[in-house]
1. For the stretch 98-110, does any single residue satisfy the condition of being of a type in the set (A, V, I, L, M) and under 25 Å from Phe316 (Cβ atoms)?
2. Return yes or no: is Ile49 of a type outside the set (Ser, Thr, Tyr) and either surrounded by 15 or more Cβ atoms within 10 Å (Cβ to Cβ) or touching a Leu at 6+ places or on another chain (Cβ under 8 Å) (or both)?
3. Looking at (1) in contact with a helix residue (DSSP H, G or I) (Cβ under 8 Å, 6 or more places away or on another chain); (2) surrounded by 13 or more Cβ atoms within 10 Å (Cβ to Cβ), which one does Glu6 not meet, given that it meets all the others?
4. What number of residues in the stretch 9-21 are in a helix (DSSP H, G or I) and either surrounded by 18 or more Cβ atoms within 10 Å (Cβ to Cβ) or hydrophobic (A, V, I, L, M, F, W, C) (or both)?
5. Would you pick out the residues in the stretch 373-398 that are among the hydrophobic types (A, V, I, L, M, F, W, C) and either in a strand (DSSP E or B) or at positive phi (or both)?
6. Which residue out of Leu31, Leu2 is of a type in the set (A, V, I, L, M) and at pLDDT 90 or above?
7. Any chance you could count how many residues in the stretch 218-258 are at pLDDT 70 or above and in a loop (DSSP other than H, G, I, E, B)?
8. Since Thr95 meets every condition but one in (1) assigned to a helix (DSSP H, G or I); (2) farther than 30 Å from Asp17 by Cβ, which condition does it not meet?
Amino acid sequence: MLMTGEDTDIPPIQKNDVIFQKLKRLPVITLCKLIIEWMQRFPIRHGHINRHNVKDHLEILLKTKVGRPELAKLIIRKYWKNGLNMYQLAQLDITILLQHPKSYLWNSHTVYKTDIEKFAPVVVPIEFLQTLQSLFRKQNQRCHIFYKKHPSLPLNMFRVLMFECNRNGTHYIEKIPFYIVFTISKSPIIIHTHYRISDIFAKLIMQLVKDAIMATSRIDSFYTHSMISSNNTEYITLRDGNSNPIKDLSQIYATTGIDGSGNSMGTWATYGEGISDISPLSNTQIHKSITGKDDLTPHAQHHNKLELQKKSMLRFHGKELNGDPCYDNDITVEKIKFTLENHIDDDDPLSTPVTINFEFSGKDIFGGIHELCDKGMIDIDHIPGWLCGDNGNKSGKIIDGDFEEYKMRGGLI
């Protein structure tokens, strides 16, 4: 079988035990979502199960408390027993990356036009993907490239997998997937998988990424904001942004200072997206600072179901309601712990704080809390941000209202 790097290509040699372990790293709900999407995109028929009734079938399995191993076995032994294709394998890797963000090491490069002048490439995802594929073909290198928009950060993610395969499929070797991340907003920063200086394949990927940027992007000056065509771009350079790798994509996004919304997350996301502040061209006389808040009682306000849902969406997703309420999170959290420490006597900072431990577990913790808020069982006006998922899947202490992530134990100190 000739592998060309198409989405539907099925690698001739697949290690089912490795794929099985990967699938088991994902929550049950996430596995169900992948099965449904794959059934729609790559229809198969297993007995009476098909793309039209697979959702009902999975709902029945969920009622029987089906676990991750059982779903993983269904995927590789029954539904896709001939093997997962390149698209499915890539999406599986990306989903694991999003679910376990601290399992990967990241570095960054900065795009320069001159020795001191930075430039921000404007990358159109599909055009960039196709150009990068063609550049690999010119190098006689086979690869598969997968694109995914980050579910919560303004980032475009590309997974690049290089491989070797002969015509009859008896020889197949794939390299470790390499990730390239661009910001949706204009920024000269490119985030990528950490690699060693001696890694010739990673160097080739970064070289072709640079060539693809020059071929497809209009380069925006980071300082002057002037726009010039890529045809006039003589040469760009990529310089290492940080020598020490960072073990969290959201952390390197925030610490590199990519853009103003980099630190605007959780309940502050609406400010980063320009939703909360009134436009300079809007009518200032109707702003809340002039008209004041609604005089209705909290009970009367919550009686309006739509208003309550909008408020919940802003707290849990950082955006207003669009259609039916959505309780599913892109990155589900199944287990999380919090330690709440509050000083009762504000006048005596040395007093012993009151400590309460919280431990939550479930298929989607913050999705469940969101639904309880919509039903009025939890007061959305008083629920703290750490119960709304502002800190992602991180457990930690809340000391007098401030979140502090649990420190990793281990080492000699």
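1. Yes.
2. Against the criterion (of a type outside the set (Ser, Thr, Tyr) and either surrounded by 15 or more Cβ atoms within 10 Å (Cβ to Cβ) or touching a Leu at 6+ places or on another chain (Cβ under 8 Å) (or both)), Ile49 qualifies.
3. With (1) in contact with a helix residue (DSSP H, G or I) (Cβ under 8 Å, 6 or more places away or on another chain); (2) surrounded by 13 or more Cβ atoms within 10 Å (Cβ to Cβ) applied to Glu6, the lone miss is (2).
4. 3
5. Answer for the stretch 373-398, where residues must be among the hydrophobic types (A, V, I, L, M, F, W, C) and either in a strand (DSSP E or B) or at positive phi (or both): just Ile398.
6. Just a single option satisfies the conditions, and that option is Leu31.
7. 7
8. In the conditions (1) assigned to a helix (DSSP H, G or I); (2) farther than 30 Å from Asp17 by Cβ, Thr95 misses (2) alone.
The values are calculated or read from the model by the stated rules, or taken from the named source; none is laboratory data. These numbers come from a predicted model, not from an experiment. All Cβ positions, glycine included, derive from the backbone under ideal geometry; neighbour counts span all protein chains shown.
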